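Structure first, commentary second.
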């Protein structure tokens, strides 16, 4: 699980801080190298999977005044990890109108329905052009690198993840359409290597054509395929 930290003025924003057992000690040490952990002002939780956020109670113990940024449906589930819902929240609107203004620009929160949770979302940083993409663009890699260098081999590691975790190609394309107004300098997923600018267009192009989820589980019958071609 990749955790990311943004430090901008008085804001210290931690993205998807990881699980308690597997990630919290390491992420805390890495944060301490940059800022005091108790100074974290926001934690962005792109969806509710335990591997990316069940450490929330530990972070709230360190910084009880921090704000959790997430969607309403995710918000309902997060306290089951063991903390009171009476904390600070910033609800991400399904209308994609929620932003967090920083000194160098805004963070824009863009919903990504059914990729893979119904109210999942991603974060776009206007200052850097980085897309913090959660599970979109993720990969299952044996030979992990911080930043990919060989696109073709990396794409092969992205395919299984998206085929099994993403709802459908329609869901992917609906989300990718939302990205068109945003110049993207890098894609930083929750799993796998960072996709640098020179491979961003190819990643989006390949994802747009990838059948996944329901496309493969419930394929059209021969009759439906023929009718689709005729009509």
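For the range 155-183, a residue qualifies if it is outside any helix (DSSP H, G or I) and without any contact (Cβ under 8 Å) to a residue 12 or more places away in the chain, and the qualifying residues are 180, 181. Residue 195 meets all of the listed conditions (1) touching a helix residue (DSSP H, G or I) at 6+ places or on another chain (Cβ under 6 Å); (2) over 23 Å from residue 4 (Cα atoms); (3) at pLDDT 95 or above; (4) not in a helix (DSSP H, G or I) but one, namely (2). The set of residues from the range 187-202 being crowded, with 19+ Cβ neighbours inside 10 Å and on the phi < 0 side of the Ramachandran plot comprises 187, 188, 189, 190, 191, 193, 195, 199, 200.
Per the conditions (1) at negative phi; (2) surrounded by 15 or more Cβ atoms within 10 Å (Cβ to Cβ); (3) at pLDDT 95 or above, the sole criterion not satisfied by residue 36 is (2). If you filter the range 1-48 down to residues that are without any contact (Cβ under 8 Å) to a residue 12 or more places away in the chain and part of a loop (DSSP other than H, G, I, E, B), you find that the one that is farthest from residue 103 (Cα to Cα) is 21. Could you tell me whether the range 148-167 includes any residue that is farther than 24 Å from residue 70 by Cβ, touching a strand residue (DSSP E or B) at 6+ places or on another chain (Cβ under 7 Å) and at pLDDT below 95? Looking for residues that are farther than 24 Å from residue 70 by Cβ, touching a strand residue (DSSP E or B) at 6+ places or on another chain (Cβ under 7 Å) and at pLDDT below 95, one finds at least one in the range 148-167, hence yes.
The values are calculated or read from the model by the stated rules, or taken from the named source; none is laboratory data. Here the structure is a predicted model, which means the values were calculated and not measured. Glycine also receives a Cβ, built like all others from the backbone with ideal geometry; neighbour counts cover every protein chain displayed.
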